[in-house]
Each structure stands twice: as structure tokens, then as C-alpha cells.
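Just below is one structure, and these are the notes that go with it.
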Amino acid sequence: MLELLKEALKAGHHADYVLFDTWFANPSQLVAVKNLGLDAIAMIKKSSRIRYEYEGKMMDIKKIFGICRKRRGRSKYLLSVNVMVGKEQKIPAKIVCVRNKNKKKDWIAFTCTNQELSEEEIIRIYGKRW
């Protein structure tokens, strides 16, 4: 994926965001995309092996979701937190959790390397992927 992005940039193409699903959504890919000068928006896996730095501690997304207070009511998203992503080189990112439309009791998490982007924009832009 990174080689394709490099070739596209070299050919003069421009993108505001790189969108990808859970297959590519690991911290090293997010850092690599950011190092190319691009921001990424991705759906992230609920894996216990992938950790994010939240409030100074390394945690997986399920742990972060479990300890944080969720938004109530008809909000477009359940949770939004700022984290650090990466091992050797850490970059800031935002994680946004939304209700799974297909399974009301389940949730889906997205990450964005542009923390200034609103939660609604992250959800809207990722929706364009489909």
C-alpha cells in the first residue's frame, strides 16, 4: 500500500485523506502514511495485540472503550478520545467509536491521524469509502 501511495504522490496526485479498513489499520501503517504527509482515517480492529497510548498508558481499544464514559442518547458517536499511535515514533490520533448499525449492542472504532477533524467529519469521510 505504501509503495502505491508513494507512486501516486510522485505522479502528482493529491489526497486529503487515505481511507482504509481494518486490514491495514495498524499503528505502523498509520505512522508511515503520516510520514508521507497524508492523514489517514481507518476502521480499527478490536484486537488485544494492538495498543494505543491513552492517558500515559498503553491500552487496546477494548480497554479504552471499557474505561471511558460513553455519550448517551441519539448521538452520532459513542466515544471520542485522543491517543498516541506507534512504537518508536508516536503520532497523535483520534479514536471515534460508533454503534454498529447491524448489531445494536456492538460498536465499531475508527481512527484518524488529524485530531482537529470533528467526529462527525471522520464518520462522514470514512462512509465515502463504501
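Here, each number is a calculation from the coordinates, and none is a lab measurement. Fair warning: this is a prediction, and the values are worked out from it, not measured in the lab. Cβ placement follows ideal geometry from the backbone for every residue including glycine, while neighbour counts extend to all protein chains displayed.
Would you work out the charge dipole size for the range 12-70 about its Cα centre, treating the Cβ of every Lys and Arg as +1 and the Cβ of every Asp and Glu as -1, and quote it to the nearest 20 debye? Present the calculation step by step, with values, prior to reporting the outcome.
Working: 10 positive and 6 negative charges, 93 e Å.
Magnitude of the dipole: close to 440 debye.
222 nm [θ] for the chain, helices only, -39500 (n - 2.57) per DSSP H run of 4+, per residue, to 500?
Details: 4 runs with 34 residues, N = 130.
Helix contribution divided over all residues of the chain: -7000 deg cm²/dmol.
With springs connecting C-alpha atoms under 10 Å apart, model the chain as a Gaussian network and identify which of Lys105, Lys94, Lys57 has the largest mean-square fluctuation.
Evaluated over the chain, the most mobile residue of the options is Lys105.
Along the charge dipole of the chain, which of Ile67, Ser80, Ile50 sits closest to the positive end, that is, farthest toward it, with unit charges on the beta carbon of Lys, Arg, Asp and Glu (+1, +1, -1, -1)?
In the chain, that residue is Ile67.
Over the Cα atoms of the chain, what radius of gyration and what Dmax do you get, in Å?
Rg then Dmax for the chain, in Å: 14.6, 46.
Counting Lys and Arg as +1 and Asp and Glu as -1, each charge on the Cβ, what is the dipole of the chain about the Cα centre in debye, to the nearest 20?
On the way: 27 positive and 14 negative charges, 197 e Å.
Here the chain has a charge dipole of around 940 debye.
Please list, or write none, the lysines whose alpha carbon is within less than 22 Å of the alpha carbon of Lys62, excluding same-chain residues fewer than 8 places away.
Straight-line reach from Lys62, under 22 Å: Lys45, Lys46, Lys70, Lys76, Lys87, Lys90, Lys94, Lys101, Lys103, Lys104, Lys105.
For the range 84-101, just list the computed ³J(HN,Hα) in residue order, Karplus coefficients 6.51, -1.76 and 1.60, θ = phi - 60°, integers in Hz, with x standing in for Gly and Pro.
10, 10, x, 9, 5, 10, 9, 10, x, 8, 10, 10, 10, 10, 10, 6, 6, 5
Which of Thr22, Leu9, Asn102 sits farthest toward the positive end of the charge dipole of the chain, with +1 on the Cβ of Lys and Arg and -1 on the Cβ of Asp and Glu?
With unit charges placed on the Cβ atoms, the residue in question is Asn102.
Arrange Phe110, Phe24 by Cβ neighbour counts within 10 Å, fewest through most, would you?
Values: Phe110 22, Phe24 18.
Fewest-to-most ranking of Phe110, Phe24: Phe24, Phe110.
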